[in-house]
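Enquirer: One structure, as structure tokens, below. Some questions next.
The values are calculated or read from the model by the stated rules, or taken from the named source; none is laboratory data. The structure presented is a predicted model; accordingly, all values stated were derived computationally and were not measured. Cβ sites come from the backbone with ideal geometry, for glycine too, and all protein chains shown count toward neighbours.
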Amino acid sequence: MATAYRSGWHFIDLVTAIPHSGDSLMVTVFGEPVVVTRDEDEDVRAYRCLRRPRGAPKPVRCAIRYGMIFVNLDQRDHRQVESDSPAPRTISATPRSA
């Protein structure tokens with residue numbers, strides 16, 4: 001069941017939990033340790049902690065929405081694909097009798 005939700009965005013904490021640059025927060029998401037830090041530029045970043053010896057932390061997608069920190073552990077690339085087909089025609093939802 002955990003793998004069904006692993007690909008989504010997960011709430012970590014409020015952004016006020018790491019108010020100053022250099023602050024960090026360690027959490028476990030689906031059994032994987034994740035460190036959320038605030039760097040010198042006041043940006044919030046998240047990293048997956050690898051358990052291998054001498055493994056560098058792997059960046060994880062991190063977003064702040066409405067003062068809350070969210071991370072996404074999905075490793076697939078979610079960039080938008082540009083389509084070669086023309087844009088679909090917009091159909092009005094207003095009934096003809098209006």
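Enquirer: Just checking: which of the strands (runs of 3 or more DSSP E) contained wholly in the stretch 28-84 hold 3 or more residues that are modelled with pLDDT of 70 or more and either over 19 Å from residue 17 (Cβ atoms) or touching an Asp or Glu at 6+ places or on another chain (Cβ under 9 Å) (or both)? Give the derivation first.
Expert: Details: elements: 32-38, 44-48, 58-65, 68-72.
By residue number, 32-38, 58-65.
Enquirer: Give the residue that is nearest to residue 36 (Cα to Cα), with candidates limited to residues of the stretch 7-22 that are over 14 Å from the mean Cα position of the chain (by Cα) and assigned to a loop (DSSP other than H, G, I, E, B).
Expert: The extreme case among them is 18.
Enquirer: Quick one: count up the residues across the stretch 21-41 that are among the hydrophobic types (A, V, I, L, M, F, W, C) and at positive phi.
Expert: Taking the stretch 21-41 first, the residues among the hydrophobic types (A, V, I, L, M, F, W, C) are 25-27, 29-30, 34-36.
Still in the running and at positive phi: 30.
Residues that pass the stated criteria total 1.
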